[in-house]
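Notes follow once the structure below has been shown.
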Amino acid sequence: MSPTPPVVGVLALQGDYEAHRKALERAAGPAGVIVREVRLPKDLDGLDAIVLPGGESTTISKSLVRFGLLEPLRAFVQSGKPTLGTCAGAILLAKRVVNRPVETLGVLDVTAERNAYGTQVDSFAATADAGAAAPLAGLRCVFIRAPRLRDPGPGVEVLARVDGEPVLVRQGFVLAATFHPELTDDPRVHRLLLEQIAR
C-alpha cells in the first residue's frame, strides 16, 4: 500500500489560496497531497501542516480574531506543525512588527517591516542571491507590497537573500517568505514545507 498523502491546510480568509493549492500539488508530484481550506478552528483538525498566504495583513489579522482562529492557529504552529507564511503570512508569524503593527502569532523571532518595498506599483521580481542555500540558488522571487524581515534571532536560519536582505527564513518547522512563491512554477519553497512534514 502507498503511504497516505499529507494533509495541508491553506488559510482561506484572504489572498490567493487557490494558487497555493496548485503550488502544493506541483511540489508533491506523484506522491500527492490533500489540500484543505481553513476558515474556522475546526478546519485545523487533522492537518499535517499549514500555509498562511499573502493578502492584506491587517485584514487577515482582524479576520483571525473575528473567526476565533488566532489562538487555535497559534497553538497549532507552536505544537511544531510545519508552517509556511508568504508575504502577509510572514508578517503574521513574526514576533515583532513595525510600520502599523498588527496582532500576530508571534512564533518567528524576526521583526517584520510592513510594505518595506513600497506600494503595489513598486512590485518587482528578482532572483535570489548566488549565496543562497544550494537547493534554492536561482530562485525567482515575486514581491508585491512585500515586508522585510529584520533582526533575525539566533535560532533563525536565512535560506535565501535578495540584495543582501533575507527573503526566506526558517526557525524550527516555521518557514517565512517575503515574496510569493505560488506565483511562479518553481515548486522548491512549497517542497520545503512538504519535506518538513516528512521529518
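Tell me the net charge near Val142. Cut-off is 11 Å between Cβ atoms, Val142 excluded, with +1 for each Lys or Arg and -1 for each Asp or Glu.
Working: positive: Arg140; negative: Glu182, Asp186.
Cβ neighbours under 11 Å give a net charge of -1.
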- Item | the stretch 7-198 - share of DSSP beta bridges that are antiparallel (%, nearest 5) | 45
- Helix-derived [θ] at 222 nm for the chain: sum -39500 (n - 2.57) over DSSP H runs of at least 4, divide by residue count, nearest 500? -7000 deg cm²/dmol
- Note on the structure: Given backbone amide H placed at 1.01 Å from N, residues whose amide H is under 5 Å from that of Arg36, ignoring those fewer than 5 places away on the same chain, are Val8, Gly9, Val10
- How large is ³J(HN,Hα) for each residue in the stretch 100-111, as worked out from phi by the Karplus curve 6.51 cos²θ - 1.76 cosθ + 1.60 (θ = phi - 60°), to whole Hz, x for Gly and Pro? 6, x, 10, 6, 10, 6, x, 10, 10, 7, 9, 9
- At a Förster radius of 22 Å, what calculated FRET efficiency corresponds to the Cβ-Cβ distance of Glu56 and Asp151, to the nearest 0.05? 0.40
- Query: Using θ = phi - 60° and the Karplus form 6.51 cos²θ - 1.76 cosθ + 1.60, what ³J(HN,Hα) does each residue of the stretch 157-166 get, whole Hz, x for Gly and Pro?
  - Reply: 9, 8, 9, 7, 10, 10, 6, x, 8, x
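Read-outs: derived from the displayed coordinates by stated rules, not from any lab. Note that the structure is predicted; figures quoted are calculated from it, not measured. Cβ sites come from the backbone with ideal geometry, for glycine too, and all protein chains shown count toward neighbours.
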